[in-house]
Every structure is written in C-alpha cells, then in structure tokens.
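The next block holds one structure in the form of structure tokens; read it before the comments.
The values are calculated or read from the model by the stated rules, or taken from the named source; none is laboratory data. As the structure is a computational prediction, the values presented were derived from the model and not from experiment. Glycine gets a Cβ as well: all are built from the backbone with ideal geometry, and neighbour counts include every protein chain shown.
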Amino acid sequence: MNGQINGHAIFENVRRYRGIASLYRQTANFRPGQRWSLLEQAREWEERALVELETYFAARADYATSLAA
C-alpha cells in the first residue's frame, strides 16, 4: 500500500512539473524578449520530472532485485 501511495505522489509531481514546463513554453510564445529564459526554465522543470521518474523506477528495480536475492 505504501508503495502505491508513493508512486501516486511521484506521478502527481511529474504531472505538475510537466504542466509548469508547458506553461513556460506557452508564455515564451507571447514574450519574445524573454523567450530563451522561459524556455530554459521549461527545460529545468522537464528535467525535474525526469529525475522523479528515474528515481522512482530505480527504487522499484532495487526493490525487485532485493526480493529476488
């Protein structure tokens, strides 16, 4: 049960981070003077989402390995 809750929270974070990244990209379209800064911020939020996913799946792989041992 605890793993499901943690997984749910991680996927919610990923959804939130990607939503924020999307808003930065959309804003960049309407603010050409700040375009590159906004796109860089979008990239940083996408990176946060990837780190969350990588951490989650690495932990699951480690847990599965410990069960098999």
Which numbered condition TYR24 misses (of (1) hydroxyl-bearing (Ser, Thr, Tyr); (2) in contact with a Phe, Trp or Tyr (Cβ under 7 Å, 6 or more places away or on another chain); (3) without any contact (Cβ under 8 Å) to a residue 12 or more places away in the chain):
(3)
Of all residues in region 20-44, how many are touching a Lys or Arg at 6+ places or on another chain (Cβ under 7 Å) and within 28 Å of GLY7 (Cα to Cα)?
1
Residue check, TYR56 at pLDDT 95 or above and not acidic (Asp, Glu)
no
